[in-house]
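A short reminder: the numbers here are calculations on the coordinates, not readings from a lab. Just so it is clear, the structure is predicted and the values come from calculations on it, not from any experiment. We place every Cβ from the backbone using ideal geometry, glycine too, and count neighbours over all the protein chains shown.
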Amino acid sequence: MHDMTRARSSLLRIALLGIASAVCTVPAAAQSPIEKSESARANANQVQVAQVRQDFSGCTNSNVNTNDPSLVGGTVWVTRKDGTTNLDVAVTMKPKTTYHFFLKCVRLIGDVTTDDEGSAVATLSFPTKDAGNVFAFDMYPEGAPAGNKYQSVQVKFQ
């Protein structure tokens, strides 16, 4: 039964990543110059980063990477619009666990709670002025137990 749960969680992660790729990919050849300009502007305001199991990093997570895919626990889609930074979070982590989600070295943004299978989807936001153009997130359960901390890959806006 545990293998079935893990398989469902893996399928959820693949589906969410596939949807994100499909939504964010627009064939440039089929776009008019105006559409290309609008698409480039939209993409300049949206970044996708992985959440990686790693206990420690600096405030901007400059040493966090996805070199070991087995450590990736989720994805955060970061979109800036009208002075607000919106986050769409999709993770597969420890089942039935509440993770505190932080704008790294700044403040708590909110909580993400996983279901019986360890999956969670959440929408969070914060004022864009709370972060510069390079920042990061971290998330962990109460008490921040080692091995259960996740750091985002560095978020970079132009």
Report summary line: The one condition ARG107 fails out of (1) more than 14 Å from ARG53 (Cα to Cα); (2) touching a Ser or Thr at 6+ places or on another chain (Cβ under 9 Å); (3) among the basic types (Lys, Arg) is (2)
Query raised in the report: What about PRO141, is it more than 24 Å from ASN45 (Cα to Cα), of a type outside the set (S, T, N, Q), in contact with a helix residue (DSSP H, G or I) (Cβ under 9 Å, 6 or more places away or on another chain) and surrounded by 13 or more Cβ atoms within 10 Å (Cβ to Cβ)?
Result: no
Report summary line: When every residue in segment 107-134 that is part of a loop (DSSP other than H, G, I, E, B) and among the charged types (D, E, K, R) is compared, the one nearest to THR79 (Cα to Cα) is ASP115
Query raised in the report: Within segment 96-132, restricting attention to residues that are small (Gly, Ala, Ser) and surrounded by fewer than 16 Cβ atoms within 10 Å (Cβ to Cβ), which residue is nearest to GLY83 (Cα to Cα)?
Result: SER125
Query raised in the report: Does SER125 count as within 13 Å of VAL153 (Cα to Cα) and of a type outside the set (Val, Ile, Thr)?
Result: no
